[in-house]
Amino acid sequence: MEKSPGKKKIAVLISGRGSNLKSLIKYSNQKKSLFKIVLVISNNLNAKGLMIANKSKIKNHYIKYSNQKNFENLVLKLIKKYKIDMICLAGFMKILSKKFIKKFSKPILNIHPSLLPKYKGLNTHGRAIKNREKYSGATVHIVNEKLDAGKIIFQEKVKILKKDTEKTLEKKVLKVEHKIYPRAIIKLLFNY
Ligand code: GAR
């Protein structure tokens, strides 16, 4: 018998550390959670997130990123096998093609460490500090074929203090990321 009937099945794509993955797993392990992380895919064999998935007994796969087409075809196969309802990118550092997004045809979310549309791409904290921004934050958005673009689902600000460094700002923003990602998923899946 299915363990969690009614819970939406989520696949998380990662490339590295996996702290967002960890927080999503923690959230989804609660009895009342409306979704379940059932699959983790990494394009990086050494991603710490793979160990986190293993520890939590979640099916996980490393798929070599030889090229976009091969990678995406293999991801699609797994997504179909596990009857995935939503894909969440959590520190996944590759862009998905328009074809992939169309073929999956269900929501794909991404989390980004800035107040989008500001500071797309890498080194968001360093750039925000250098530009003397008063605020930074985190954004969860729908994925399209452009980098860190697509409809914003949830966003939360953090104040940048004079004493903040890239490291302290990253830590503050990450804390917010862990809080808003589950909320954004629920908002999108169930219109809460
Ligand atoms: C997070 O800060 C996430 O927002 C960022 O990578 C980090 C991954 O950390 N993603 C992007 O920059 C995507 N453009 P994690 O592996 O510990 O979750």
The distance between the Cα centres of the stretch 32-110 and the stretch 135-160, in whole Å, is 20
Rounded to the nearest 10 Å², the 1.4 Å probe accessible area of Met86 is 0
Binned at 10 Å from zero, the C-alpha pair distances of the stretch 78-192 give percents of 14, 44, 30, 11, 2
Distance in nm between Lys83 and Leu161 label points, each 7 Å along Cα→Cβ, equals 5.0
In degrees, nearest 10, the alpha-carbon axis of helix 19-28 is tilted away from the dominant principal axis of the alpha carbons of the chain by 60
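So if each residue of separation counts as 0.36 nm, and I subtract the Cα-Cα distance between Asn131 and Met51, what length gain in nm does that give? Before the final figure, lay out the partial values.
Values: separation 80, 0.36 × 80 = 28.80 nm, distance 3.68 nm.
That works out to 25.1 nm of additional length.
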Counting every C-alpha pair in the chain, the percent lying more than 29 Å apart is 20
Calc'd 3J(HN,Hα), the stretch 75-84, phi into Karplus 6.51 cos²θ - 1.76 cosθ + 1.60 (θ = phi - 60°), Hz, glycine/Pro = x, comes to 4, 4, 4, 5, 4, 5, 4, 8, 6, 6
1/(1 + (r/R0)^6) with r = Cβ-Cβ of Gln68 and Arg183, R0 = 35 Å, i.e. FRET efficiency to nearest 0.05, evaluates to 0.70
Order by accessible surface, 1.4 Å probe, largest leading, for residues Ile10, Ile95 comes to Ile95, Ile10
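With every protein chain kept in the model, how would you rank Ile180, Ile101 by accessible area, 1.4 Å probe, largest at the top?
Details: Ile180 0, Ile101 35 Å².
Listed by decreasing accessible area, they come as Ile101, Ile180.
About the Cα centre of the stretch 70-192, what is the dipole size in debye to 20, counting +1 per Lys and Arg Cβ and -1 per Asp and Glu Cβ, all else neutral? Please report the intermediate quantities before stating the final value.
Values: 29 positive and 10 negative charges, 14 e Å.
Roughly 60 debye for the stretch 70-192.
As a test of understanding, state the convex hull volume per residue of the stretch 147-192 from its alpha carbons, in Å³. Provide the component values of the computation, followed by the final result.
Working: hull volume 4.2 nm³, N = 46.
Here the figure is 91 Å³ per residue.
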Largest-first ranking of Asp85, Asp164 by accessible area, probe 1.4 Å, whole protein assembly kept, is Asp85, Asp164
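Rounded to a whole number, what is D in µm²/s for the stretch 1-104 from Stokes-Einstein with the Kirkwood radius over alpha-carbon pairs (20 °C, 1.002 mPa s)? Spell out each step's value before the answer.
Working: Rh = 13.8 Å.
For these conditions, the coefficient is 155 µm²/s.
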Reported to the nearest 10 Å², Ser66 has, with a 1.4 Å probe, an accessible area equal to 80
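The values are calculated or read from the model by the stated rules, or taken from the named source; none is laboratory data. Not measured: the values here are computed from a predicted model. All Cβ positions, even for glycine, are placed from backbone atoms using ideal geometry, and neighbour counts span all protein chains on display. When the accessible area is computed, the model is the full protein with side chains, heavy atoms only, and any ligands, DNA or RNA have been set aside. Shrake-Rupley method; radii C 1.70, N 1.55, O 1.52, S 1.80 Å.
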